[in-house]
Amino acid sequence: MFGFCYMLVPLYQLVCQAEGINGKSANKATVIASNMKVDKSRVIKVYFATQLHGNLKFKFIPLQRYVEIHPGETKLIYFYAENQSGNESTVQAIPSITPNDAARFLKKTECFCFTQQYFYKNEKADMPVYFFVDPAVSKDIKEMTLSYTLFDTSGFKKSQEHFTKGRIDL
């Protein structure tokens with residue numbers, strides 16, 4: 001029962017991300033960024049925000065507060081992370097996009113948030129995000145915020161495979 005409850009959170013996040021709901025961006029690559037037509041007639045301001053979950057001892061900030069982007073244009077931005085805990089640590093960033101109506105139009109093609117990040121004691125890193133805003137975004141949307149919450153996942157390291165060929169552990 002505990003395992004089932006534990007798995008509900010990541011399952012919920014996957015569904016939200018796949019469907020582009022609850023501020024998560026959809027992973028469906030319906031449009032390839034390099035073949036998109038850039039809409040130079042309008043500009044969307046994308047703000048960046050960060051926060052730390054609990055009492056995580058990290059410095060985690062966007063290196064730019066915002067960018068202006070034409071729908072269809074690809075941008076590269078960086079977030080700075082520094083492990084100030086005094087120990088090795090594994091972290092995961094969970095994205096959120098507001099307003100909710102805009103979440104399905106902001107597409108990340110590469111992001112540090114796709115995987116867990118391992119940091120040595122006192123390690124610093126500039127972590128990249130490549131993204132674009134789908135040209136199908138409503139003309140009413142002029143601003144978006146891409147926010148990340150950094151979680152400590154050190155206690156959730158996989159110690160061994162749960163499934164082996166021909167055998168299922170229950």
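The values are calculated or read from the model by the stated rules, or taken from the named source; none is laboratory data. Note that the structure is predicted; figures quoted are calculated from it, not measured. Please note: Cβ atoms are built from the backbone with ideal geometry, for glycine as well, and neighbour counts cover all protein chains shown.
Among the residues of the stretch 106-137, write down those that are part of a loop (DSSP other than H, G, I, E, B), charged (D, E, K, R) and in contact (Cβ under 8 Å) with a residue 40 or more places away in the chain. Full working, then the answer.
Of all residues in the stretch 106-137, those part of a loop (DSSP other than H, G, I, E, B) come to 115-116, 120-123, 134-137.
Right, trim to charged (D, E, K, R) and you get 121, 123, 134.
If the condition is that a residue be part of a loop (DSSP other than H, G, I, E, B), charged (D, E, K, R) and in contact (Cβ under 8 Å) with a residue 40 or more places away in the chain, then Glu123, Asp134 are the ones that fit.
Can you tell me which condition Ser147 does not meet? The list is (1) under 17 Å from Phe60 (Cα atoms); (2) modelled with pLDDT under 95, and all the others hold.
It fails just one condition, (2).
Here are the criteria: (1) modelled with pLDDT under 95; (2) touching a Phe, Trp or Tyr at 6+ places or on another chain (Cβ under 8 Å). Tell me which single one Gly20 does not satisfy.
(2)
Starting from residues that are surrounded by fewer than 16 Cβ atoms within 10 Å (Cβ to Cβ) and among the charged types (D, E, K, R), keep the ones in the stretch 115-156 and report whichever is nearest to Phe48 (Cα to Cα).
Checking each candidate, the answer is Glu143.
Considering Phe114, Phe60, which residue is closer than 18 Å to Ser147 by Cβ and modelled with pLDDT of 95 or more? Don't jump to the end; show me each part of the working.
Working: Phe114 fails: modelled with pLDDT of 95 or more.
When all the criteria are applied, what remains is Phe60.
Residue under question is Phe112, and the condition is that it be crowded, with 20+ Cβ neighbours inside 10 Å and over 27 Å from Asn55 (Cβ atoms); does it hold?
Working: crowded, with 20+ Cβ neighbours inside 10 Å: yes; over 27 Å from Asn55 (Cβ atoms): no.
Answer is no for this residue.
Do any residues in the stretch 30-45 that are modelled with pLDDT of 90 or more have Cβ atoms under 7 Å from those of residues that are among the basic types (Lys, Arg), where the two are at least six apart or on different chains, and which pairs are they?
That search, which allows pairs on different chains as well, returns Arg42/Lys139; Ile44/Lys142; Lys45/Lys142.
May I ask you to list pairs of residues, at least six apart or on different chains, whose Cβ atoms are under 7 Å apart, with the first in the stretch 79-105 being more than 23 Å from Asp140 (Cα to Cα) and the second being of a type in the set (D, E, K, R) and surrounded by 15 or more Cβ atoms within 10 Å (Cβ to Cβ)?
Pairs that qualify, where the first residue is more than 23 Å from Asp140 (Cα to Cα) and the partner is of a type in the set (D, E, K, R) and surrounded by 15 or more Cβ atoms within 10 Å (Cβ to Cβ), are Ser89/Asp152; Val91/Asp152.
Please go through the stretch 95-104 and pick out each residue that is crowded, with 17+ Cβ neighbours inside 10 Å and either at pLDDT 95 or above or in a strand (DSSP E or B) (or both). So that I can check it myself, show each step before the final result.
Applying the first criterion (crowded, with 17+ Cβ neighbours inside 10 Å) to the stretch 95-104 yields 95-97, 102-104.
Correct list: Pro95, Ser96, Ile97.
Exactly one of (1) outside any strand (DSSP E or B); (2) under 24 Å from Phe58 (Cα atoms); (3) among the acidic types (Asp, Glu) is unmet by Asp140. Its number?
(2)
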